Amino acid sequence: MTPTIDAVLYDLGNVLVGWEPYAAFDGLSRAEVDAFFAETSFLEHNHAQDAGRSWAELRALLADLDPRHGELVDLYVENFARTLTGPVPGSEALVEELTQAGVPLYGLTNWSAELFHHAVPAAPAIGRLRGIVVSGEVGMAKPDPAIFDLTTERFGLVPERTVFVDDSPRNVAAAADRGYVAVHFTTTEAFRLRLRELGVEVTDATAVTG
């Protein structure tokens, strides 16, 4: 099969590195964290952080409503490294195999600029990517079409020949709208299979261990 893919554009969270926000709140029960998330719409606020808002701004906003909420924002930021649970199973081997095969790998992530320095220590394969667009650094976040256009231009990608992989169906749909070969990530093994279907010469998942 003649390959139709020239590059892979990776999302990071829960594709290359696991993310579990509850892990930041050591000492609190899951019910207490759920209450905080619900009362503050924390996960929706997190999207604004990804798009460039500072954590100091969010802390001030939530602390005005309840001082305890401000303290919990501080706890999340201080313990953010704990939320990164390490490489997604199989992801490091696949990144290595694609790199050795000469497939250019890039990243497009929704991630706070203030916290992005934790990414590579948690999942060293992220450091193998040739370049990464970090939403918090550019002031826009997926699924905004503009961040896909910026990424296309920055890395000189041809969307029709670039696989974009993300665990968010909304982001996958946005990438497809911009012409990317968009893949919804579930497991590395399933992603390997999809790459093989697209003509990328990677090892069958059944032959990969670890």
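Brief remarks on what is shown
- Test result for Val15, part of a loop (DSSP other than H, G, I, E, B) and hydrophobic (A, V, I, L, M, F, W, C): yes
- Hey, Arg53 among the basic types (Lys, Arg), without any contact (Cβ under 8 Å) to a residue 60 or more places away in the chain, closer than 23 Å to Val133 by Cβ and out of contact with any helix residue (DSSP H, G or I) (no Cβ under 6 Å at 6 or more places or on another chain) or not: yes
For every residue, the table says whether it meets (1) under 21 Å from Ala81 (Cβ atoms); (2) of a type in the set (Phe, Trp, Tyr); (3) surrounded by fewer than 17 Cβ atoms within 10 Å (Cβ to Cβ); (4) at pLDDT 95 or above.
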residue	(1), (2), (3), (4)
Tyr106	no, yes, no, yes
Asn110	yes, no, no, yes
Phe116	yes, yes, no, yes
Ala122	yes, no, no, yes
Arg130	no, no, yes, yes
Glu137	yes, no, yes, yes
Pro143	no, no, no, yes
Thr152	no, no, no, yes
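- Scanning region 162-176 for residues that are in a loop (DSSP other than H, G, I, E, B) and over 17 Å from Glu189 (Cα atoms) yields one hit, Ser168.
- Some residue of region 87-102 being among the hydroxyl-bearing types (Ser, Thr, Tyr), at pLDDT 95 or above and not assigned by TED's automatic domain parsing to the domain that holds Phe164: no
- Scan of region 93-112 for residues that are outside any loop (DSSP other than H, G, I, E, B), free of Cβ contacts under 8 Å to residues at least 40 places away in the same chain and not hydroxyl-bearing (Ser, Thr, Tyr), ordered by number: Glu96, Gln100
The values are calculated or read from the model by the stated rules, or taken from the named source; none is laboratory data. The structure displayed is predicted, hence computed values, not measured ones. Note: ideal-geometry Cβ built from the backbone for every residue, glycine included; neighbour counts use all protein chains shown.
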